[in-house]
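K.L.:
One structure is given below, represented as structure tokens, and several questions about it will come after.
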Amino acid sequence: MINLASQIHPVLCRELGGILILGVIKLALKVKFYSLFRINLKSAGTEYELDNQITIAELIKKLDQDYDGYFTQKLLEEDRSISSGAIILLNGKNVIHLDKLETVVSNQDTVTLFPPSAGG
């Protein structure tokens, strides 16, 4: 039997009992919400199928379109820098240690958002 998995992309192939099953792989940017974002928005996150790579700043604009400006208000200072205490992770790495708001994201990435918090 010929292994088509190496020849078909972006299609996932697997064999079950001699039957070849083909399924389309969904390539999307995953955005996960935590803490008060999850509570206030009543959502664990969202996904975007991107045509091209975008920056974190562009992702925040995209989220603002879907959530009425909520994310700019919660994540960014007036000077458009990341708010103190806000955490934005790209595949588990804090974007503060990458290229901040200019960090590039694409399909298959996961962005995790935590709002600024206070207290102890």
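The values are calculated or read from the model by the stated rules, or taken from the named source; none is laboratory data. Here the structure is a predicted model, which means the values were calculated and not measured. Cβ atoms come from the backbone with ideal geometry, glycine included; neighbour counts cover every protein chain shown.
K.L.:
Does Asp79 fit the bill of being exposed (fewer than 12 other Cβ atoms within 10 Å of the Cβ) and either more than 13 Å from the chain's Cα centre (by Cα) or acidic (Asp, Glu) (or both)? I'd like the intermediate steps shown before the answer.
P.N.:
Numbers: exposed (fewer than 12 other Cβ atoms within 10 Å of the Cβ): yes; either more than 13 Å from the chain's Cα centre (by Cα) or acidic (Asp, Glu) (or both): yes.
For Asp79, the condition - exposed (fewer than 12 other Cβ atoms within 10 Å of the Cβ) and either more than 13 Å from the chain's Cα centre (by Cα) or acidic (Asp, Glu) (or both) - is met.
K.L.:
Answer yes if at least one residue in the stretch 93-111 is closer than 15 Å to Tyr34 by Cα, modelled with pLDDT of 95 or more and either of a type in the set (Phe, Trp, Tyr) or not in a strand (DSSP E or B) (or both), and no otherwise. Write out each step before concluding.
P.N.:
Looking only at the stretch 93-111, we keep the residues that are closer than 15 Å to Tyr34 by Cα, and these are 94, 110-111.
Filter again for modelled with pLDDT of 95 or more, leaving 94, 110-111.
If we keep only those that are either of a type in the set (Phe, Trp, Tyr) or not in a strand (DSSP E or B) (or both) as well, we get none.
Checking the stretch 93-111: not a single residue is closer than 15 Å to Tyr34 by Cα, modelled with pLDDT of 95 or more and either of a type in the set (Phe, Trp, Tyr) or not in a strand (DSSP E or B) (or both).
K.L.:
Go through Leu63, Leu89, Leu16, Leu4 for me and flag whichever is over 19 Å from Ser117 (Cα atoms) and either touching a Gly at 6+ places or on another chain (Cβ under 9 Å) or modelled with pLDDT of 95 or more (or both). Write out each step before concluding.
P.N.:
Working: Leu89 fails: over 19 Å from Ser117 (Cα atoms); Leu16 fails: either touching a Gly at 6+ places or on another chain (Cβ under 9 Å) or modelled with pLDDT of 95 or more (or both); Leu4 fails: either touching a Gly at 6+ places or on another chain (Cβ under 9 Å) or modelled with pLDDT of 95 or more (or both).
Matching residue, one of Leu63, Leu89, Leu16, Leu4: Leu63.
K.L.:
Further question: Out of Asn40, Asn52, report the one residue that is loosely packed, with under 11 Cβ neighbours inside 10 Å and at negative phi. Before the answer, list the steps.
P.N.:
Details: Asn40 fails: loosely packed, with under 11 Cβ neighbours inside 10 Å.
Residue meeting the stated conditions: Asn52.
K.L.:
Continuing with the same structure: Condition test on Glu58, is it out of contact with any Asp or Glu (no Cβ under 7 Å at 6 or more places or on another chain), among the charged types (D, E, K, R) and surrounded by 16 or more Cβ atoms within 10 Å (Cβ to Cβ)?
P.N.:
On the way: out of contact with any Asp or Glu (no Cβ under 7 Å at 6 or more places or on another chain): yes; among the charged types (D, E, K, R): yes; surrounded by 16 or more Cβ atoms within 10 Å (Cβ to Cβ): yes.
So Glu58 fits the description; yes.
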